Each structure stands twice: as structure tokens, then as C-alpha cells.
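The values are calculated or read from the model by the stated rules, or taken from the named source; none is laboratory data. Everything quoted here is computed from the prediction, not taken from an experiment. As a convention, Cβ positions derive from the backbone with ideal geometry for all residues, glycine included, and neighbour counts pool all protein chains shown.
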Amino acid sequence: MNVFLCRADEISEGEAKSFIIGEGKGRRDVVVVRRNGNYHAYVNSCPHQLMPLETFPDKFLNEDGSLFVCSTHGARFRVEDGFCISGPCEGKSLHALTVALDEGRLLVPLSSPA
Ligand code: FES
């Protein structure tokens, strides 16, 4: 089952936003980024210590918007595929979610493993 996150135009080019989906054990903290017109979604959990990536709301990206930067120990992940290019979890990846775009609405699957 897919869950509605927001309208696609609520995320500006080069911006990332976080969402909470599900409840109880199915609860997921999700981050969605829009880059070059494409949307990429990940479980918001750094593979180093399973911490959320951000400290301040929706502050996920480096200056040019090409990388997520984990605020805890500075791991850096490509926004296009979630691959960690530097930091304590280099070589690991964020858990990617499939983003569906349906009539201008962004949807992600509810039952995704973290
Ligand atoms: S928790 Fe993300 S780099 Fe350590």
C-alpha cells in the first residue's frame, strides 16, 4: 500500500523534506529530495548508528544539494542513490524507497523494511 506524502510541487528543486509515515512498529521516518526534476526517497536513518540524518528540520543537504550530510558524524550520501561516499559508513547506502508520482501527488510504500 502506498502512502501519500505531499503534492510534488510542495518540494522545490534542490530541497529535501522529512515525513513520518505509518504507526507503531510500521512507523518510518522518510526523507524525500527533489534534484534535477527527479524525486528520491529514503528511510531517514544513517547506516552508521541508525540516527536520523538531520538535526534541524529539513536541513539534510550540502551547499550544492548533491549530497545528504549526516549531522551526527558527517557521513555524506549521494542524493541520487543514497550511496555513502565518505564518513564512518563509507560504502554503505541509505535504504531507498520507490517514489510514485500520481497526478501530482508523491507516494511511497508503507510497508518498507527499515
Ligand atoms: S550516525 Fe551518521 S555518520 Fe554517524
From the option list 99, 31, 108, single residue qualifying as within 14 Å of residue 3 (Cα to Cα), among the aliphatic types (A, V, I, L, M) and touching a Ser or Thr at 6+ places or on another chain (Cβ under 6 Å) is 31
Looking across segment 1-16 at residues that are among the charged types (D, E, K, R) and not in a loop (DSSP other than H, G, I, E, B), the single one that is nearest to residue 58 (Cα to Cα) is 10
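Within segment 86-97, take every residue that is more than 11 Å from the chain's Cα centre (by Cα) and part of a loop (DSSP other than H, G, I, E, B) and give me the one that is farthest from the ligand (Cβ to nearest atom).
Residues of segment 86-97 more than 11 Å from the chain's Cα centre (by Cα): 86-93.
Checking which are part of a loop (DSSP other than H, G, I, E, B) leaves us with 87-92.
Working: 87: 5, 88: 5, 89: 6, 90: 10, 91: 13, 92: 10 Å.
For segment 86-97, the residue satisfying everything is 91.
Does residue 23 count as of a type in the set (D, E, K, R) and under 14 Å from the mean Cα position of the chain (by Cα)?
Details: of a type in the set (D, E, K, R): yes; under 14 Å from the mean Cα position of the chain (by Cα): no.
No: the conditions fail for residue 23.
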Filter segment 94-114 for residues that are within 19 Å of residue 23 (Cα to Cα) and among the hydroxyl-bearing types (Ser, Thr, Tyr); the one that is modelled with the highest pLDDT is 111
Pairing a residue in segment 54-74 that is basic (Lys, Arg) with any residue that is in a loop (DSSP other than H, G, I, E, B), where Cβ atoms lie under 9 Å and the two sit 6 or more apart in sequence or on different chains, gives 59/71
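If you take just the strands (runs of 3 or more DSSP E) that sit entirely in segment 17-85, which of them hold at least 1 residues that are within 16 Å of the ligand (Cβ to nearest atom) and in contact with a Cys (Cβ under 8 Å, 6 or more places away or on another chain)?
Working: elements: 28-35, 38-43, 67-69, 76-78.
Fully inside segment 17-85 and qualifying: 76-78.
For segment 1-51, which residues satisfy the criterion of being of a type in the set (Gly, Ala, Ser) and either in contact with a Lys or Arg (Cβ under 7 Å, 6 or more places away or on another chain) or farther than 13 Å from residue 82 by Cβ (or both)? Walk me through it before giving the result.
Start the filter on segment 1-51 by keeping residues that are of a type in the set (Gly, Ala, Ser), which leaves 8, 12, 14, 16, 18, 22, 24, 26, 37, 41, 45.
Once the filter is applied, which keeps residues that are of a type in the set (Gly, Ala, Ser) and either in contact with a Lys or Arg (Cβ under 7 Å, 6 or more places away or on another chain) or farther than 13 Å from residue 82 by Cβ (or both), segment 1-51 yields 8, 12, 14, 18, 22, 24, 26, 37.
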